[in-house]
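Participant: Here's a structure for you.
FYI, it's all coordinate maths here, none of it is from the lab. Here the structure is a predicted model, which means the values were calculated and not measured. Here the Cβ positions follow ideal geometry from the backbone for every residue, glycine too, while neighbour counts run over all protein chains shown.
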Number of protein chains: 2
Amino acid sequence: MDDAITLKSENFRNEARTGVIDCDVHNAVPSIQALFPYLEDRWRDYVVEHGIKSLEPNYYPRGTPLSARPGSELPNGHPPGSNLDVLRQQALDPWNVQYAILNCLYGVQMIHNEDWAAAMARAVNDWQNAEWLEKEPRLRASIVVASQNPEQAAEEIHRLGEHPGFVQVLLMVHSEMPYGKKHYWPIYEAAQQYGLPIGIHAGGVTGYPTMPVGWPSYYLEDYVSQSQAFQSQIVSLVSEGVFKKFPQLRVVLIESGFTWLPSLMWRFDKNWKGLRREVPWVNRLPSEIIKEHIRLTIQPLDESPKPEHLLETIEQIRSEDMLLFSTDYPHWHFDKNEEALPAKLPPRLEKKILSENARSVYRF
Amino acid sequence: MDDAITLKSENFRNEARTGVIDCDVHNAVPSIQALFPYLEDRWRDYVVEHGIKSLEPNYYPRGTPLSARPGSELPNGHPPGSNLDVLRQQALDPWNVQYAILNCLYGVQMIHNEDWAAAMARAVNDWQNAEWLEKEPRLRASIVVASQNPEQAAEEIHRLGEHPGFVQVLLMVHSEMPYGKKHYWPIYEAAQQYGLPIGIHAGGVTGYPTMPVGWPSYYLEDYVSQSQAFQSQIVSLVSEGVFKKFPQLRVVLIESGFTWLPSLMWRFDKNWKGLRREVPWVNRLPSEIIKEHIRLTIQPLDESPKPEHLLETIEQIRSEDMLLFSTDYPHWHFDKNEEALPAKLPPRLEKKILSENARSVYRF
């Protein structure tokens, strides 16, 4: 095992923890040909005839040392996260995880042809099942859907909803419209039916700027601003009454950061008090709805250089149930193992974050 | 004086404080005709011939009881904030302010004709000078500019830059592109030349959605999300190197909230460490640049129901210099006098917020 991924602290030895659930591990499609066995002839021909090389997104450009953790690159040129053995060694074993949830970010949401997008989503899910879930009992996966057409996305959820390996429906935070809108409700209806939370992950593509004030110039701006897109999605989901309509639905924000949450809850509660007549279905404090229905993964962790600030922030959330452990393997944000978990958490809270909170959200 | 604006607490009696500076008071143009004496013939004719009734923005719709504090409505149908005597009684006297800064939100930034927009900005400024600054020595004003054309905006700053009544240049947070872009640099160059900070206020209009994930349905969503637009502007200003190019420039965020600031600084610092090669001119921690160049007004205050959370948040900012007192008179957000200032501030910090911090940013 590479030095960079050797576990340094006594606290992080395998035997130190049990029942850990890693809620964000990324498996990558090694090449578009890997999906061919799972694609209908029509779409396989389409991909070949159009010379489509890959739908692997550019969030973590290959060849950029920053884009993946040291040692996760593969010698055959396949993207980090595309080899099960390496993923076992680097992501599953070090934390002694009981379950890890695969969030495959293959770019089906960037396809404008809805039927092709739906076919690619089906292929990715069948590939995930055959190549990952059936081979490694510690793995679970999110259902990849093409949210361009929520009815078709719901069909995919119905197709896989009873499969025990799939535990979540995956959306990307940059959407074509805010996720609270009724346009997306067929997805939520299907997810609720099978007890699947909606996972919303950083990334995505739309025609809208990634900042509410226009297009930024730098990836730095784009990445820092992702947390604002998550804030908008929470505001939309609550304001539109999604959780009134689907009272069992949970939404897990993945790679969102979470230290912005207390401030958002305060602001949202305050303005709801003045404007609640506009949204009469929101009949209790937005922060209460958020605490019941929203969960957030902890990596990457946007924390103060002073550890006590992080503990204060976690306390300000006023809920021990909301945070879920994640490593974001193999992306660069997870640069050191010991940083994946905040230092000095109270033991009870650490246990909830590492294991219990995920257990109450996901069906294992 | 109306009951609703009677000061209730001992702490808020006139004599309790001295040297208070209110950094956000809104004067309103009573009717478009009030600007006619300050408009060139060409544009006066244009307004009349096109039947333009008003450019008063719709942020606080007239007739909506929520949109203004009780008692600030005027019997003649003019908008709240358009009468100097009422403003004296309701905003200047209760806090015994030494100076109040007028931020006139008249909608010159929504005009697509750049020349007309610049003419309206000039008229608003001359009207502010004649009708407010010359009549009340406690008042100062922000220079209204039409940022559609930054060169013309800079000309307006040069026209008024040495006038002692104007202490700031006013922009709206929803811009046509992020404010860090070089497109806007002529404004900053002129502002720095006269020692004027740039005030960025909630509101504005562009073709972009007010959320980075698309158009929301409700004003509640729109208003809660304004704070995300402010976050984006900070990220843009720092990333594009505005403060490297204009090292004396200060930016004051107005009606932005501020409890989101610690989290943004943590996230920005962390990602800058990984991505700084993209923006080599950002050669120190973004949080250090923010602390030096950004200031924020305190109203409306997005605070926790637990007062200690607010104090923790203020401490997490790790600067006593950044917050500026404001009432946001006459808008609804300022619903109770005693809420304009956080409870239980340490006396030294309270003094800095009420007076000293503004004194070090604005030239009085």
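Participant: Take the alpha carbon gyration tensor of segment A:124-226, find the square roots of its eigenvalues, order them as a ≥ b ≥ c, and report rounded if a/c is under 1.5; if not, report prolate when a/b exceeds b/c, else oblate.
Facilitator: Judged from the Cα gyration tensor, segment A:124-226 comes out oblate (a/c at least 1.5, b/c at or above a/b).
Participant: Let me spell out the model: positive unit charges on the Cβ of Lys and Arg, negative unit charges on the Cβ of Asp and Glu, origin at the Cα centre of the protein assembly as shown. What dipole size does that give, in debye rounded to 20? Don't jump to the answer; show the numbers that get you there.
Facilitator: Numbers: 72 positive and 94 negative charges, 216 e Å.
My answer is approximately 1040 debye.
Participant: Please report, to two decimal places, log10 I(q)/I(0) for the protein assembly as shown at q = 0.05, 0.07 Å⁻¹ as given by the Debye formula with identical point scatterers on the Cα atoms and no solvent.
Facilitator: Results for the protein assembly as shown at q = 0.05, 0.07 Å⁻¹ read -0.26, -0.51.
Participant: Which distances in nm, rounded to one decimal and ordered from shortest, link the label point of B:PRO137 to the equivalent label points in the other identical copies, with labels set 7 Å from Cα toward Cβ?
Facilitator: Here B:PRO137 shows inter-copy label distances of 8.6 nm.
Participant: What size of dipole, in debye to the nearest 20, comes out for segment B:105-205 about its Cα centre when the only charges are +1 on Lys and Arg C-beta atoms and -1 on Asp and Glu C-beta atoms? Write down the numbers at each step before the final one.
Facilitator: Details: 7 positive and 12 negative charges, 62 e Å.
Charge dipole of segment B:105-205: 300 debye, to the nearest 20.
Participant: Related question: B:LYS244 label points, 7 Å along Cα→Cβ, one per copy: pairwise distances from this copy to the rest in nm, shortest first?
Facilitator: 4.9
Participant: Summing -39500 (n - 2.57) over the DSSP H runs of n ≥ 4 in the protein assembly as shown and dividing by its residue number, what mean residue ellipticity at 222 nm do you reach, to the nearest 500 deg cm²/dmol?
Facilitator: Details: 24 runs with 234 residues, N = 728.
So the calculated ellipticity at 222 nm is -9500 deg cm²/dmol.
Participant: In addition: Starting from a label point 7 Å past Cα on the Cβ side, list the distances from A:GLY51 to the same position in the other copies, nm, shortest first.
Facilitator: 5.7
Participant: If I model a spin label as a point 7 Å beyond the Cα along the Cα-Cβ vector, how far apart are those points for A:TRP281 and A:ASN76 in nm?
Facilitator: Reported label-point gap for A:TRP281 and A:ASN76 is 4.9 nm.
Participant: Ok, one more. For segment A:193-224 and segment B:94-138, compute the distance between their C-alpha centroids and round to whole Å.
Facilitator: Between the Cα centres of segment A:193-224 and segment B:94-138 lies a distance of 37 Å.
Participant: Which of the chymotrypsin sites (Phe, Trp or Tyr not before Pro) across segment B:223-309 are loop residues per DSSP, with 15 or fewer other Cβ within 10 Å?
Facilitator: Details: sites: B:TYR223, B:PHE230, B:PHE243, B:PHE258, B:TRP260, B:TRP266, B:PHE268, B:TRP272, B:TRP281; in loops: B:PHE258, B:TRP260, B:TRP281.
Those that pass, being in a loop and sparsely packed, are B:TRP281.
Participant: Still on this structure, please answer the following. How charged is the neighbourhood of B:ARG88? Take every other residue with its Cβ under 10 Å from the Cβ of B:ARG88, and add Lys/Arg as +1 and Asp/Glu as -1. Can you show the working numbers first?
Facilitator: Values: positive: B:LYS135, B:ARG138; negative: B:ASP85, B:ASP93, B:GLU136.
Once all neighbours under 10 Å are counted, the net charge is -1.
Participant: So what is the diffusion coefficient of segment B:246-285 in µm² per second by Stokes-Einstein at 37 °C and 0.692 mPa s, using a Kirkwood Rh over Cα pairs? Show your work: numbers first, answer last.
Facilitator: Numbers: Rh = 12.0 Å.
The calculation lands on 272 µm²/s.
Participant: Oh, and also: State the answer as a single residue: which of B:GLN231, A:LEU349, B:LEU323 lies farthest towards the positive end of the charge dipole of the protein assembly as shown, with beta carbon charges of +1 for Lys and Arg and -1 for Asp and Glu, about the Cα centre.
Facilitator: A:LEU349
Participant: Something else: Given +1 on the Cβ of Lys and Arg, -1 on the Cβ of Asp and Glu, and no further charges, what dipole in debye does segment A:20-359 carry about its Cα centre, rounded to the nearest 20? Let's see the in-between values first.
Facilitator: On the way: 32 positive and 43 negative charges, 215 e Å.
Its charge dipole is roughly 1040 debye.
Participant: Which entries in B:LYS273/B:LYS352; A:LYS181/B:LYS306; A:LYS244/A:LYS273; B:LYS181/B:LYS244 show an alpha-carbon gap greater than 22 Å?
Facilitator: Numbers: B:LYS273/B:LYS352 32 Å; A:LYS181/B:LYS306 33 Å; A:LYS244/A:LYS273 18 Å; B:LYS181/B:LYS244 13 Å.
As for pairs spanning more than 22 Å Cα to Cα, those are B:LYS273/B:LYS352; A:LYS181/B:LYS306.
Participant: Measuring from the lowest to the highest alpha carbon on each principal axis, how far does chain A reach, largest first, in angstroms?
Facilitator: If we take the Cα atoms of chain A, the spans are 57, 49, 43 Å.
Participant: Report the label-to-label distance for B:ALA34 and B:THR18 in nanometres (one decimal), using points 7 Å from each Cα along the Cα→Cβ vector.
Facilitator: Between B:ALA34 and B:THR18, the label points sit 3.4 nm apart.
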